[in-house]
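Worksheet: the structure to be examined is printed underneath.
The values are calculated or read from the model by the stated rules, or taken from the named source; none is laboratory data. Since the model is a prediction, treat every value here as computed from it, not as a measurement. Cβ placement follows ideal geometry from the backbone for every residue including glycine, while neighbour counts extend to all protein chains displayed.
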Amino acid sequence: MSKKIIACDLGTGGNKASLYDADGTCLESTFVPYDTLYPKTGWHEQRPMDWWSSVVDSIRWLLEKRPSEVKTVECIVFSGHSLGVVPLARDGKLLRDHTPIWSDNRSGEQSKRFFDMIDYSDWYMTTGNGFPPELYSVFKIMWYRDQEPDIFKKIYKIIGTKDFINFMLTGKILTDYSYASGSGVYDLKKWHYAQTFLETAGIPQELLPEIVESTHIVGELTRESADILGLDRKVKVVCGGVDNSCMALGSRNIYEGRVYTSLGSSSWIAVSSKDPILDIQTRPFVFTHVIPEMFTSAVSIFAAGSSLNWVKENMCRDLIDKANASGQDVYDLINESVSLSPIGANKLLFNPSLAGGSSQEPSPHIRGCFSGLDLGHTQNDILRSCMEGIALNLGLAFDVLKKVSKLSEEMLLVGGGSKSKLWRQIFADVYNIPILKTNIGQDAGSLGACAIGAVGTKLWRDFKRIDDIHEIHEINKPIQSNVKKYSILRPVFKELQKSQGIIGNMLHEIEL
């Protein structure tokens with residue numbers, strides 16, 4: 001029997017565990033969710049032991065589903081959500097029951113003090129860290145030091161999400177270049193931690209894990225973890241990578257200039273290249289790729305599918321009830337409604353910044369809105385304007401990448417939103433570029449992790465096999481009459497975005 005790979009996508013909402021054959025075919029997959037805690041404004045926390053429980057439950061489910069494959073598992077490998085800060089004592093004890101995740105922004109004071117001493121432009125051009133600074137790991141570590149000194153003095157290492165799971169599996173502490181590149185103190189072009197930034201932050205480098213290649217074998221399972229999972233102790237654990245880079249690999253971004261859009265709850269457009277794409281004005285965010293000597297650079301919006309979901313839940317209860325009664329997929333009903341509204345949704349625009357603004361938007365305080373709404377608009381128009389607004393917002397972000405990099409002449413679309421043919425056509429018309437739909441929809445992160453495991457254990461010679469796994473199912477080509485209409489709407493949408501940034505700043509300042 002051929003060897004198998006267990007690839008896990010440890011995401012913000014839960015862990016997706018998949019069993020892959022050595023040729024990259026997914027045999028089984030399951031998802032086990034976990035909670036996010038919001039104890040204070042700006043605090044977004046999760047329990048690392050919830051991650052571990054979800055990993056155990058999901059892997060055991062796979063093995064119970066495929067008991068004959070237990071002895072064929074060669075390795076386990078993880079894609080993990082970024083910017084995690086899990087504090088461990090020297091004996092391996094978890095020092096905080098719940099820890100900040102990537103979206104936690106409590107460390108504003110710490111980042112402000114840092115940039116009183118370090119020029120922001122120098123920091124960004126060195127690290128490529130284009131998210132709001134307080135999201136990055138070093139500032140959260142500074143918060144630990146300032147706010148929880150008793151815990152801080154006990155810390156031996158602070159590690160990320162997938163590296164914590166690797167520790168639970170092997171007892172060893174390592175990270176990879178892709179995850180380290182989100183630390184806030186990593187020099188992209190020198191491929192190591194930047195001592196100047198560490199000294200300014202007042203954080204000893206020994207608190208951070210050693211960096212290795214994503215394909216590095218961390219170790220074999222401990223006796224305890226092997227017994228819990230029901231696997232042989234000789235199963236290898238490969239280091240894995242940060243979610244952005246694993247998804248880039250799984251989305252075929254293995255050559256210079258290849259680009260994809262991930263259309264999920266949040267959304268981003270990413271391009272892979274030999275050099276990081278850095279621009280201080282537009283601030284693409286950059287991670288070291290899991291492919292050696294490459295980078296993945298991206299622009300984003302924070303609320304894509306989650307904006308459509310908000311509209312569905314709050315304005316389309318009738319469609320939800322109809323779907324429940326008929327057994328139809330509610331998103332099929334949404335697509336039917338959208339198809340009944342013309343391009344431009346009868347001049348109704350939707351700004352999808354329901355989760356605040358990314359670095360490509362006018363302000364972090366920007367909020368969403370409908371603009372141009374009148375008594376003649378229908379539910380169909382509202383839904384279409386939502387889909388179009390998400391595409392137009394990403395289209396402006398795409399313009400940023402086109403100005404600063406050379407891109408391929410087609411775009412792969414992955415994530416849950418890629419299932420909608422109608423939405424893919426909207427993106428083709430807004431981007432004015434062919435949109436590819438392949439057999440890899442919501443599994444790009446898992447496939448990327450699988451590929452890392454396959455190369456790490458020498459089941460694959462290199463990453464080129466990714467292209468063989470992708471089967472193109474459909475290509476949506478731009479319809480030039482539609483492209484023209486969206487080009488007319490584009491400057492109007494840009495003005496809407498600017499005004500919403502101003503209004504968002506004003507609302508942020510007032511107290512009621």
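For this structure, a couple of remarks:
- Test set (1) more than 14 Å from Leu496 (Cα to Cα); (2) not in a loop (DSSP other than H, G, I, E, B) - Phe370 fails condition number: (1)
- Selected residue [farther than 18 Å from Gln497 by Cβ and exposed (fewer than 15 other Cβ atoms within 10 Å of the Cβ)] from Ile343, Ile320, Ile382, Ile334: Ile320
- If only residues of region 226-242 that are buried (at least 24 other Cβ atoms within 10 Å of the Cβ) and either among the small types (Gly, Ala, Ser) or in contact with a Lys or Arg (Cβ under 7 Å, 6 or more places away or on another chain) (or both) are counted, the one that is nearest to Ile435 (Cα to Cα) is Gly241.
- Which listed residue, of Ser245, Ser214, is in a loop (DSSP other than H, G, I, E, B), of a type in the set (Ser, Thr, Tyr) and crowded, with 20+ Cβ neighbours inside 10 Å: Ser214
- Condition check for Lys402 on (1) closer than 19 Å to Ile334 by Cα; (2) out of contact with any strand residue (DSSP E or B) (no Cβ under 9 Å at 6 or more places or on another chain): one failure, at (1).
- All positions within region 273-291 that are hydroxyl-bearing (Ser, Thr, Tyr), surrounded by 20 or more Cβ atoms within 10 Å (Cβ to Cβ) and touching a helix residue (DSSP H, G or I) at 6+ places or on another chain (Cβ under 6 Å): Thr288
- Considering the conditions (1) under 23 Å from the mean Cα position of the chain (by Cα); (2) farther than 24 Å from Arg96 by Cα, Ser181 is excluded by exactly one of them, (2).
- Some residue of region 127-136 being closer than 23 Å to Phe302 by Cα, outside the structural domain of Pro364 (by TED's automatic domain parsing), assigned to a helix (DSSP H, G or I) and in contact with a strand residue (DSSP E or B) (Cβ under 8 Å, 6 or more places away or on another chain): yes
Yes/no matrix, rows are residues, columns are (1) touching a residue at least 40 places away in the same chain (Cβ under 8 Å); (2) touching a Ser or Thr at 6+ places or on another chain (Cβ under 9 Å):
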{"site": "Thr282", "(1), (2)": "yes, yes"}
{"site": "Val290", "(1), (2)": "yes, yes"}
{"site": "Asn309", "(1), (2)": "yes, yes"}
{"site": "Glu313", "(1), (2)": "no, no"}
{"site": "Asn324", "(1), (2)": "no, no"}
{"site": "Val330", "(1), (2)": "no, no"}
{"site": "Ser339", "(1), (2)": "yes, no"}
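- Single residue of Lys421, Lys477, Lys402, Lys437 found to be free of Cβ contacts under 8 Å to residues at least 24 places away in the same chain and over 16 Å from Ile254 (Cα atoms): Lys402
- Any hit, region 249-258, residues being under 27 Å from Arg283 (Cβ atoms) and either assigned to a helix (DSSP H, G or I) or under 11 Å from the mean Cα position of the chain (by Cα) (or both): yes
- Residue satisfying all of: in region 330-370; under 13 Å from Ala303 (Cα atoms) and among the hydrophobic types (A, V, I, L, M, F, W, C); nearest to the chain's Cα centre (by Cα) among these: Ala355
- Matching option when the condition is closer than 21 Å to Ser499 by Cα, aromatic (Phe, Trp, Tyr) and buried (at least 17 other Cβ atoms within 10 Å of the Cβ), among Phe350, Phe427: Phe350
- Any hit, region 30-45, residues being at pLDDT 95 or above, surrounded by 15 or more Cβ atoms within 10 Å (Cβ to Cβ), in a helix (DSSP H, G or I) and charged (D, E, K, R): no
- When restricted to residues that are in contact with a Pro (Cβ under 9 Å, 6 or more places away or on another chain) and of a type in the set (A, V, I, L, M, F, W, C), region 12-47 contains 1.
- Which listed residue, of Gly92, Gly84, is in a loop (DSSP other than H, G, I, E, B), in the same structural domain as His216 (by TED's automatic domain parsing), small (Gly, Ala, Ser) and over 25 Å from the mean Cα position of the chain (by Cα): Gly92
- Residue-level check: of (1) in contact with a helix residue (DSSP H, G or I) (Cβ under 7 Å, 6 or more places away or on another chain); (2) at pLDDT below 95; (3) not polar (S, T, N, Q), Trp423 misses just (2).
- Only one entry in Asp50, Asp9 is in a strand (DSSP E or B), charged (D, E, K, R), within 30 Å of Trp143 (Cα to Cα) and out of contact with any Pro (no Cβ under 7 Å at 6 or more places or on another chain), namely Asp9.
- Residue satisfying all of: in region 266-280; of a type in the set (Gly, Ala, Ser) and touching a residue at least 60 places away in the same chain (Cβ under 8 Å); farthest from Gly14 (Cα to Cα) among these: Ser273
- Matching residues, region 164-177, being crowded, with 24+ Cβ neighbours inside 10 Å and touching a Cys at 6+ places or on another chain (Cβ under 8 Å): Ile165, Asn166, Thr175, Asp176
- If you check Leu19, Leu62 for being among the aliphatic types (A, V, I, L, M), in the same structural domain as Tyr156 (by TED's automatic domain parsing) and either assigned to a loop (DSSP other than H, G, I, E, B) or within 23 Å of Asp176 (Cβ to Cβ) (or both), only one passes: Leu19.
- Flag if Asn166 is within 25 Å of Val238 (Cα to Cα) and out of contact with any His (no Cβ under 9 Å at 6 or more places or on another chain): yes
- You will find that of Gln147, Gln205, the residue that is touching a strand residue (DSSP E or B) at 6+ places or on another chain (Cβ under 6 Å) and either surrounded by fewer than 22 Cβ atoms within 10 Å (Cβ to Cβ) or among the aliphatic types (A, V, I, L, M) (or both) is Gln205 and no other.
- Selection count, region 305-329, where residues are in a helix (DSSP H, G or I) and more than 25 Å from the chain's Cα centre (by Cα): 12
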